[in-house]
Amino acid sequence: MTDDPIKLDQHRGMAAQKATELRRLRLEVQNDHDALKERQDALEKMLMALPAEGWPEAIEKTRYLLGLFAQTPEARDPRRQRLIAEVLEDFTRLLGETPDGDGEGSPG
């Protein structure tokens with residue numbers, strides 16, 4: 001008896017190895033999707049918990065909604081993509097943030 005594990009994938013054909021790898025990847029993607037959905041639900045609960053206390057909070061809610069809209073077929077229109085990008089740039093500029101969102105830029 002040895003302590004070395006037997007690598008079963010080496011004893012199967014290429015088709016079986018590929019099927020196993022695809023199954024593993026599919027399960028990993030599904031798990032990632034489920035975790036993302038849980039985080040998204042938690043974020044939405046936070047966003048809906050209380051009204052915004054100021055423009056920065058209102059803009060964060062709007063950024064989130066624009067991000068969701070940007071993933072829809074309706075937002076694939078180049079004009080809408082440009083409009084979304086311009087609105088997000090406006091938010092950054094008006095809040096005096098740097099493009100990476102650290103809030104250390106100078107206003108206008």
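The values are calculated or read from the model by the stated rules, or taken from the named source; none is laboratory data. What you are looking at is a predicted structure, and each value in this text was computed from that prediction instead of being measured. Glycine gets a Cβ as well: all are built from the backbone with ideal geometry, and neighbour counts include every protein chain shown.
At a glance:
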{"item": "Given (1) within 19 Å of the chain's Cα centre (by Cα); (2) at pLDDT below 95; (3) not charged (D, E, K, R), index of the condition Ile84 fails", "result": "(2)"}
{"item": "Residue count, region 33-67 (criterion: aliphatic (A, V, I, L, M), loosely packed, with under 12 Cβ neighbours inside 10 Å and not in a helix (DSSP H, G or I))", "result": "1"}
{"item": "Pairs, first over 18 Å from Gln40 (Cβ atoms) in region 68-85, second surrounded by 10 or more Cβ atoms within 10 Å (Cβ to Cβ), C-beta under 8 Å, six or more apart", "result": "Glu74/Arg80; Gln81/Ala70; Gln81/Ala75; Ile84/Leu66; Ile84/Phe69; Ile84/Ala70; Ile84/Ala75"}
